[in-house]
Amino acid sequence: MKRYLGLTILVLGAVGAQAQVSNMTLSTTSPNWVYNHIFSNSIGNPGAIGRTTTSSTNGAGYFNPGTGLNVAKDALKRLWFYYNGDGGGREYALSNQVAATVGASSATMTYREWDGANNANKFEWTLTYNLTATSVNSATMTLDWKVKNVSAEDHSLNVFILGDLGGSNDSITYNNGRYVFNTNLPNSTKITMDSYGLPITSYEATKNDATFNKLLGDSSLLTNLTNVASETGDVAGAYHFNIGTLRSNDFRCGQIVVKYEAVPEPATMAALGLGVLAVAARRRRSN
């Protein structure tokens, strides 16, 4: 049973360009949301929305909007990009980060990656993250991504994006570019993940790291996903984009939107309801 709780949160301070960022934290106020993202040079880029905490048991998988609610949430423990260039035998995670600019609620990461023959600096990737608090019970992380052929040659390209939930008894469904993760937690916590822009070549909802293991395999080339639309357990959802031939200086771009929604606990809702009734009673008395 896996639950992604113990994220280390590193506050990066004021806006500024940095050579490499291994740990990014974005935040909003009124209401207070936090998005924490870890960038690993070896296996990818896990991320989670939650509250900043110093507790070892309440990591970035939890959220506190500062209004008396304390809504437990599963973390989206992976939001990873993989690619294969020129059918080069296997998929690779983005790893060669060359620039980063981090602000309070937005950040941009730039990568320079290899082609299928291990020639460096062929593809330039730009990932831009924006955190928006839509209410005390919901927040949205928008990820705009762009890949450009910065070489003098044409290259073929396949892109895979994997969103993996941190719980062990959840469910996922896919329909028309949207994954809906329903968590087995109180408060009817729901996470949706949408893809916009490029047409989706194939997709799959899986469990127990099945898609992750295929993408991580050193000696297998993944041509298409299975188009399975639902699963239960320790679930994940993946998108596949067959870019085809990307000519010199040409680019493709897309957008992933992750939304977190939670319903307050019944006791909290009851307290809020009593507060509303008390205000109404005072107004009646004043009239």
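Any read-out appearing in this document is the output of simple, stated calculations on the displayed coordinates, not a laboratory observation. In this text, all values refer to a predicted model and were calculated from it rather than measured experimentally. Heads up, the Cβs are rebuilt from the backbone with ideal geometry, glycines too, and the neighbour counts pull from every protein chain shown.
Can you tell me how much longer the chain between Lys146 and Gln255 gets when fully stretched, taken as 0.36 nm per residue apart minus their C-alpha distance, in nm with one decimal?
38.4 nm
Among 121-127, 234-240, what's the highest-first ranking by average C-beta atoms within 10 angstrom per residue?
Taking the mean over residues of other Cβ atoms within 10 Å, the ranking is 234-240, 121-127.
Got a sec? Which residues in segment 133-175 would a label at Ser106 touch, if it sits 7 Å along Cα→Cβ and we count backbone N under 19 Å?
Label zone hits: 133-135, 139-147.
To the nearest 20 debye, what charge dipole does segment 95-167 have about its Cα centre, counting +1 at the Cβ of each Lys and Arg and -1 at the Cβ of each Asp and Glu?
Using Cβ point charges on Lys, Arg, Asp and Glu, segment 95-167 gives about 180 debye.
Asn175 to Asp154: extension gain in nm, 0.36 nm per residue of separation minus the Cα-Cα distance?
Numbers: separation 21, 0.36 × 21 = 7.56 nm, distance 3.33 nm.
Full extension from Asn175 to Asp154 adds 4.2 nm.
Between Val98 and Thr192, 0.36 nm times their residue separation minus their Cα-Cα distance comes to what?
In short, 30.8 nm is gained.
Using 7 Å Cα-to-Cβ label points, what is the Leu221/Ser22 separation (nm, one decimal)?
Label at Leu221, label at Ser22, 3.4 nm between them.
Starting with the highest mean, order 155-162, 193-200 by the number of other Cβ atoms within 10 Å, averaged over the residues of each peptide.
155-162, 193-200
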